[in-house]
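S.K.: My questions all concern the structure below.
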Amino acid sequence: MFILGHPLERALTRSFFEKAYFSGGDPKEGKNIATIMWPGENLEFYRQDYSLIPEKQVLASRLKAVRLITEKLTGWKVFIKPHPSLGDVAGIKNLLAEVPGDISVVEPTEPADKYIAMSKVIVGFPLPSTTLFTASLQHHGKIILSLNLNQAFLGDAYEKFNGVDYFDRESDFAQTLELIRESKYNKESRVRSNFKLSGINELLEHIYAKRLH
């Protein structure tokens, strides 16, 4: 029996998992697969005045992002991976029912690592998903995109994070999708700073320090 600390907080644990779990056991990455990490709730607040963003607008923004992905990445397989706290995916399926493209909404209880490993592109919505952070640690070559199209409170946590591209304008997001489609995307050239975090605790401290003065 091994007793290990959390892999994001202990370097020796990370090393153990890299050798025993992540090496050779992941599904093979697909050339044209994208996974969207779907939050467990539809609650967002404007960062300017902390007022509530209507649920209808939050869902419309996510719907627009999915449409944009399927429009720009024609022929790609798109997985929607809901947060484990979301028990019923019927609402997501209904929302996306008329979106063209090869889209699958998977069970919330399925492990995110499985879809991260098989995907070339991973996309997250506010509130900031820690899966983007762990994906950046486990798979340095992945294209990881964080969207904040509603200018949401705490939605800009990855704005200067090394390894994740942050977008708060639809036009910039669309342009990046076109670069990905045309195999012209260069992740290394888009790194904005040397901003790095060692674990989940630092990520959470960073998120709250940015806006809670």
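S.K.: What does the convex hull of the Cα atoms of region 29-211 come to per residue, in Å³, rounded to a whole number? Don't jump to the answer; show the numbers that get you there.
M.R.: Numbers: hull volume 20.4 nm³, N = 183.
Looking at region 29-211, the number lands at 111 Å³ per residue.
S.K.: Give me the extension gain from K184 to L59: residue separation times 0.36 nm, minus the current Cα-Cα distance, reported in nm with one decimal. Kindly include the intermediate steps, with their values, before the conclusion.
M.R.: Values: separation 125, 0.36 × 125 = 45.00 nm, distance 3.02 nm.
Additional length available on full extension: 42.0 nm.
S.K.: Continuing with this model, one more query. Below 14 angstrom from the Cβ of D88, what's the summed charge of the other residues (Lys, Arg +1; Asp, Glu -1)?
M.R.: Working: positive: K93; negative: E41, E107.
So the surrounding residues net to -1.
S.K.: Taking the simple approach of a point 7 Å from Cα along Cα-to-Cβ for both T109 and L137, what is their distance in nm?
M.R.: So the two model labels end up 2.6 nm from each other.
S.K.: Excluding F79 itself, what net charge comes from residues whose Cβ is under 12 Å from its Cβ, given Lys and Arg +1 and Asp and Glu -1?
M.R.: So the surrounding residues net to +1.
S.K.: Mind listing the phi-derived Karplus ³J(HN,Hα) values for region 147-162, rounded to whole Hz, using 6.51, -1.76 and 1.60 with θ = phi - 60°, and x for any glycine or proline?
M.R.: With the stated coefficients, region 147-162 comes to 9, 9, 6, 9, 6, 7, 4, 6, x, 9, 4, 9, 4, 10, 7, 6 Hz.
S.K.: May I pose another question? Count neighbours as other Cβ atoms within 10 Å of each site's Cβ, and list the GluC sites (Glu not before Pro) in region 34-130 that are DSSP loop with at most 14 such neighbours.
M.R.: Working: sites: E41, E44, E55, E71, E98; in loops: E41, E98.
The qualifying sites are E41, E98.
S.K.: A follow-up question, please. V123's amide H: which non-local residues (gap 5+, or another chain) put their own amide H closer than 5 Å, with H modeled 1.01 Å from N in plane and none for Pro or chain starts?
M.R.: For V123, whose amide H was placed from the backbone, the distant partners under 5 Å are T35, I36, M37, L145.
Throughout, read-outs are computed from the coordinates displayed, never taken from laboratory work. Everything numeric here is computed off the predicted structure, so don't read it as measured data. For neighbour counting, all protein chains shown are included, and Cβ atoms are generated from backbone atoms with ideal geometry for every residue, glycine included.
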